[in-house]
Number of protein chains: 2
Amino acid sequence: MSSTNSISMNRAHIEQLVRDSLRRQVGGMGRSRISGPNPLVVNISARHCHLSQSAVETLFGKGHQLTPKKWLYQEGQYAAEESVTLIGPRSRVISNLRILGPCRDFNQVELAYTDAISLGFDIPTRNSGDIKGTPGCMLMGPAGFLKMQEGVIRAAPHVHMAPEDAAFYGVENKSFMKLKIGGALGVTFDRIFVRVDPSFKLEVHIDTDEGNSCGFGPDVPCELVR
Amino acid sequence: MSSTNSISMNRAHIEQLVRDSLRRQVGGMGRSRISGPNPLVVNISARHCHLSQSAVETLFGKGHQLTPKKWLYQEGQYAAEESVTLIGPRSRVISNLRILGPCRDFNQVELAYTDAISLGFDIPTRNSGDIKGTPGCMLMGPAGFLKMQEGVIRAAPHVHMAPEDAAFYGVENKSFMKLKIGGALGVTFDRIFVRVDPSFKLEVHIDTDEGNSCGFGPDVPCELVR
């Protein structure tokens with residue numbers, strides 16, 4: 001895991017360098033700014049779920065433990081080998097919904113709006129963990145079914161950061177920032193929810209709808225602004 | 001057609017009234033502004049194609065004329081009863097691709113980025129009509145196949161307006177404006193391409209990816225700014 005993390009850091013730094021260089025050369029973002037204490041990483045979250053250990057055992061069998069497949073940028077977080085099938089309210093299905101680990105103390109499915117349309121139901125935009133009153137769904141694993149009474153959301157776009165990043169940008173936990181995306185399809189996401197924790201690495205999470213709206217990729221300039 | 005258009009105008013005015021009212025009540029867009037000479041209409045374009053008369057005859061038979069099914073907001077433009085099947089480069093298919101009429105003198109398919117991903121190919125973002133060097137595809141109709149050598153694009157977001165609107169907003173043909181979308185998923189589209197023509201009614205066209213990124217709908221406040 002530590003070697004994977006060091007690769008991630010290198011990639012993050014390289015992307016930052018490319019973006020800084022592009023910005024200098026083509027003025028993509030309109031104005032330059034001094035980089036903060038940490039490189040800005042923007043990642044697109046594809047649909048996924050978080051499960052409790054109890055839910056994992058219902059779906060995969062008693063005593064089953066998730067197996068990390070790919071470590072994510074945030075320390076200790078991983079995409080698991082295991083995936084589930086999501087069954088929506090009209091028996092429409094999404095196969096191979098990835099599980100992110102480690103286990104949490106609640107079950108939550110995060111879909112893009114496009115996914116919700118294809119399943120034929122309406123989901124609210126919420127911050128992770130704020131699932132009260134949201135729609136439920138059925139999950140299917142190799143060992144059984146799990147009926148979720150609630151927990152299907154579209155995750156609000158957000159940024160993880162450490163206190164030193166918050167100080168640099170002049171923002172507080174639970175405030176909002178803007179993410180400016182350059183390029184031919186320039187878009188500014190005006191409401192990026194700020195989550196500050198000493199364990200967090202600076203990383204914006206947008207979903208596939210948001211990523212596709214602006215054609216986001218490693219060569220597209222981006223900037224976080226208050 | 002004229003009655004449909006007057007209904008559209010009414011709907012446009014009503015939406016504008018609702019937005020103005022919401023803005024006053026909840027301050028959704030942060031600041032109010034005096035409305036322009038015409039109400040702002042924002043429509044989400046689902047994937048579709050424009051065809052030449054010759055292409056229509058190849059796909060639907062000699063002498064076939066498109067049948068209007070639903071009149072669009074721009075004068076004389078319609079969604080046709082007829083649809084085609086699009087076959088992508090890996091034999092993946094999109095069924096019921098709607099044809100917009102009347103016929104043009106070139107063939108063009110407009111997809112969202114999500115559609116292009118599901119078909120498994122890469123499409124550039126272009127303004128309508130600017131299709132040189134873009135990917136092609138195969139279309140299938142009840143009377144035959146049409147091989148398009150080029151013409152598959154993601155349409156750049158754009159606004160149609162009359163000269164009086166351009167004067168009000170202080171913009172020129174082929175310049176760019178911003179479209180601010182309010183609500184919980186507030187987004188600003190920074191590069192809305194301006195198309196000015198005396199025949200145009202004020203209307204922004206964004207695609208389904210852009211619409212889904214911000215959860216756009218009739219009750220979501222929006223504002224066009226220079």
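The values are calculated or read from the model by the stated rules, or taken from the named source; none is laboratory data. Being a predicted model, the structure only gives us computed values, none of them experimental. Methodologically, a virtual Cβ is constructed for each residue, glycine included, from the backbone with ideal geometry; neighbour enumeration extends over all protein chains shown. For accessibility, only protein heavy atoms count, side chains too; no ligands or nucleic acids. Shrake-Rupley method; radii C 1.70, N 1.55, O 1.52, S 1.80 Å.
Summary of computed values
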item: Test: residue in segment A:82-94 that is touching an Asp or Glu at 6+ places or on another chain (Cβ under 8 Å) and over 21 Å from A:G141 (Cβ atoms); result: no
item: Flag if B:A167 is part of a helix (DSSP H, G or I), surrounded by fewer than 20 Cβ atoms within 10 Å (Cβ to Cβ) and over 20 Å from the mean Cα position of the chain (by Cα); result: yes
item: Candidate set: segment B:182-225, residues that are over 17 Å from the mean Cα position of the chain (by Cα) and of a type in the set (A, V, I, L, M); chosen: the one farthest from A:N212 (Cα to Cα); result: B:V225
item: Condition met for B:A156 (within 14 Å of another protein chain (Cβ to nearest Cβ) and of a type in the set (G, A, S)); result: yes
item: B:V194 vs. criteria modelled with pLDDT of 95 or more and touching a strand residue (DSSP E or B) at 6+ places or on another chain (Cβ under 8 Å); result: yes
item: Residue within segment B:200-207 that is at the interface with chain A (Cβ under 10 Å from one of its Cβ atoms) and in contact (Cβ under 8 Å) with a residue 24 or more places away in the chain present; result: yes
item: Residue list for segment A:208-223, restricted to those being open to solvent by less than 20 Å² (accessible area, probe 1.4 Å) and either in a strand (DSSP E or B) or away from chain B (no Cβ under 14 Å) (or both); result: A:C222, A:E223
item: Residues of segment B:111-132 that turn out to be closer than 22 Å to B:S54 by Cβ and away from every other protein chain (no Cβ under 14 Å), as a count; result: 4
item: Identity of the residue in segment A:42-70, assigned to a loop (DSSP other than H, G, I, E, B) and closer than 27 Å to A:F193 by Cβ, that ends up most open to solvent (accessible area, probe 1.4 Å); result: A:R47
item: Single residue of segment A:195-207 satisfying the filter (crowded, with 21+ Cβ neighbours inside 10 Å and hydrophobic (A, V, I, L, M, F, W, C)) that is nearest to A:G36 (Cα to Cα); result: A:L202
